1. Within segment 22-57, can you find the residues that are part of a loop (DSSP other than H, G, I, E, B) and under 14 Å from the mean Cα position of the chain (by Cα)?
2. For segment 17-28, what are the residues that are modelled with pLDDT under 90 and exposed (fewer than 13 other Cβ atoms within 10 Å of the Cβ)?
3. Which of the numbered conditions does Ile73 fail, given that it passes all the others? Conditions: (1) surrounded by 13 or more Cβ atoms within 10 Å (Cβ to Cβ); (2) touching a residue at least 60 places away in the same chain (Cβ under 8 Å).
4. Residues of segment 117-166 being in contact with a Pro (Cβ under 7 Å, 6 or more places away or on another chain) and at pLDDT 95 or above, which ones?
5. How do the pairs read when you match residues in segment 29-40 that are surrounded by 15 or more Cβ atoms within 10 Å (Cβ to Cβ) with residues anywhere that are hydroxyl-bearing (Ser, Thr, Tyr), using Cβ under 6 Å and keeping only pairs 6 or more apart or on different chains?
Amino acid sequence: MRNYALTAILITTAVFIGGCAAGKSTARTDYDFSKISKIAVVDVLGPLGNEGAKNQVADMLTMELLQKGYAPIERTQVQNILNEQKFQHDVNMTGEIDAVEIGKILNVPTIMIVNVSKFTEDISLSIKMLDAQDGSILWVGSGQGTQGKTLGTILGAAAGAGAGVAAGGDDNSGKVVGGVIGGVIGGAAGNLLTPQQAEATQKVISKICKDMPARIPPAKKKGLFGK
């Protein structure tokens, strides 16, 4: 019986469900985005768990900003400057008032804030571009994505369940209880920022930023006769 349970767990680890992503955004039509000289990715809010994951998400946004022609200041540098200035703000909320203060400290006209509202098998996040002079919203976007069970979570659950089955002894009820408890604990242990999670998050951010106004609009392609 134990061998059958472990075999089923190993088969489960081979299953991987791919994800998809969607996003949309809107911008102020009366604002000249070409005058933005520098832009700071200030913070990534939400249930990501650690600074490494937040920096990774911020770097994904930085890549999108570069492709749009902006000169972004990365989050790690921003956080270092704010810490040196002993700037205090709510770690779960960076509002318009904070945006103005942060803009003054960093000497940048525009800041970016990412708010991750959900980060499980389903990912949901929004991104704001704020004018650091008055805190007004220049551009905002939101998106969602799915990634299915990540391999890390599945392997963690499988390892935990296997340990639970082994600890359950020969009694059938003990095996079931041990397997369930071990699977839950193992799943939690394996639920880290994996390459699959990073890929799914990148897709969502790319979808959101697709229609972000570029600092320098792309040149129109000329026709056969230069028109």
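1. Looking only at segment 22-57, we keep the residues that are part of a loop (DSSP other than H, G, I, E, B), and these are 28-32, 36-38, 46-50.
Selection gives Gly46, Pro47, Leu48, Gly49, Asn50.
2. Ile17, Gly18
3. The one condition Ile73 does not meet is (2).
4. Result: Trp139, single match.
5. Taking only residues 6 or more apart or on different chains, the pairs are Ile36/Thr110; Ile39/Tyr70; Ile39/Thr110.
The values are calculated or read from the model by the stated rules, or taken from the named source; none is laboratory data. Every value quoted in this text rests on a predicted model; they were computed, and no experiment measured them. Note that we place each Cβ from the backbone using ideal geometry, even for glycine, and neighbour counts take in every protein chain shown.
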